[in-house]
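Novice: Pasting in a structure now, in structure tokens, and then I'll have a few things to ask.
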Amino acid sequence: MKYIVDVHGERVTVELDGTQAVVDGERVEVSLSSIEGTPVRLLRIGEEVHRLVARRGETRGCWALDLDGRRVEAEALDERMRAIRDLTAAAAAASGPAPLMAPMPGLVVRVSVGVGDTVSAGQGLVVVEAMKMENELRASVAGVVTAVLAIPGQAVDKGALLVELGPIPSV
């Protein structure tokens, strides 16, 4: 499994394969074992052994780690979730309604809106199937649908424009 890990503003790619990991292209032997009756785990990376206590953060993929007595905040997401999180963050940074773009290649399964519909932030707009999973793509902010380019059954590439949104007219 491949993960994108952010630690203190640095991003590393980690691929886990049984007792080996590839960290930014470098292969290392790894193991993780529990100390019975405690939240402490022993993490072996190559010849080094570290004491680790991991606590889930408030959002998916976020972890508070105590590594050898040092506090470390980390976010570890698989490639698909990292792409979705990056696109969501980019859309949230922009002002006004953002267009809905495909975060990954896939097949449009369902379109839930039409031109002229008013949508709220978080409302599902399009469902795309990718890697045998259905992903409901949602509006990042409220707006009015100005164009629908997604068609059920259509294959789309990463970054394809699916739905355009405009501002809600003031009354």
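Novice: Can you work out ³J(HN,Hα) from phi for every residue in segment 155-168, in order, using Karplus 6.51 cos²θ - 1.76 cosθ + 1.60 and θ = phi - 60°, giving whole Hz and x for Gly and Pro?
Specialist: 7, 10, 8, 4, x, 5, 6, 9, 9, 9, 10, x, x, 6
Novice: Kirkwood Rh over alpha-carbon pairs of segment 96-166, then Stokes-Einstein at 20 °C and 1.002 mPa s: what D in µm² s⁻¹, rounded to an integer? Walk me through the numbers before you get to the answer.
Specialist: Details: Rh = 11.7 Å.
It diffuses with D of about 183 µm²/s by this estimate.
Novice: Right, another one. Among 44, 70, 85, which one shows the highest mean-square fluctuation when the chain is modelled as a Gaussian network with alpha-carbon springs under 10 Å?
Specialist: Result: 70 has the largest fluctuation of those listed.
Novice: Could I ask something else about it? Using bins 5 angstrom wide from zero, how does P(r) for the chain break down, in % of all Cα pairs?
Specialist: Over the chain, the share of Cα pairs per 5 Å bin runs 2, 8, 13, 16, 15, 11, 9, 9, 8, 5, 3, 1, 0, 0 percent.
Novice: For residue 1 and residue 59, compute 0.36 nm times the residue count separating them, minus their Cα-Cα distance, and round to one decimal in nm.
Specialist: Details: separation 58, 0.36 × 58 = 20.88 nm, distance 2.03 nm.
My answer for the length gained is 18.9 nm.
Novice: Using a simple spin-label model with points 7 Å from Cα along the Cα→Cβ vector, what separation in nm is obtained for residue 157 and residue 80?
Specialist: 2.2 nm
Novice: How compact is segment 2-78 by the rule of thumb for globular proteins, expressed as Cα Rg over 2.2 N^0.38 Å?
Specialist: 1.10
Novice: Follow-up question, since we're still on this one. Could you give the angle, 0 to 90 degrees to the nearest 10, between helix 79-93's Cα long axis and the longest principal axis of the Cα atoms of the chain?
Specialist: For 79-93 against the chain, the angle is about 50 degrees.
Novice: Let me ask something additional. Based on the Cβ-Cβ distance of residue 66 and residue 134, what FRET efficiency does E = 1/(1 + (r/R0)^6) give at R0 = 41 Å, to the nearest 0.05?
Specialist: Details: r = 37 Å, r/R0 = 0.91.
That gives a FRET efficiency of 0.65.
Novice: Another question about this same structure. Please give the length that would be gained between residue 50 and residue 16 if that part of the chain were fully extended, namely 0.36 nm times their separation in residues minus their C-alpha to C-alpha distance (nm, one decimal).
Specialist: On the way: separation 34, 0.36 × 34 = 12.24 nm, distance 1.79 nm.
Value of the extension gain: 10.4 nm.
Novice: Here's another thing I want to ask about it. Counting other Cβ atoms within 10 Å of each Cβ, which trypsin sites (Lys or Arg not before Pro) in segment 104-169 have at most 16 and sit in a DSSP loop? Don't skip to the answer; put the middle values down first.
Specialist: Details: sites: 110, 132, 138, 158; in loops: 132, 158.
Listed in order of number, the matching sites are 132, 158.
Novice: Counting helices only, and only those DSSP H runs with n ≥ 4, report the 222 nm mean residue ellipticity of the chain as the sum of -39,500 (n - 2.57) divided by its residues, in deg cm²/dmol to the nearest 500.
Specialist: Values: 1 runs with 15 residues, N = 171.
Per the formula, -3000 deg cm²/dmol.
Novice: List the GluC sites (Glu not before Pro) in segment 26-56 that DSSP assigns to loop (not H, G, I, E or B) and whose Cβ has at most 11 other Cβ atoms within 10 Å. Which are they? List each step's numbers first, then the result.
Specialist: Numbers: sites: 26, 29, 36, 47, 48; in loops: 36, 47.
Those that pass, being in a loop and sparsely packed, are 36, 47.
Each reported figure results from applying straightforward, stated rules to the coordinates on display, with no laboratory input. Here the structure is a predicted model, which means the values were calculated and not measured. Heads up, the Cβs are rebuilt from the backbone with ideal geometry, glycines too, and the neighbour counts pull from every protein chain shown.
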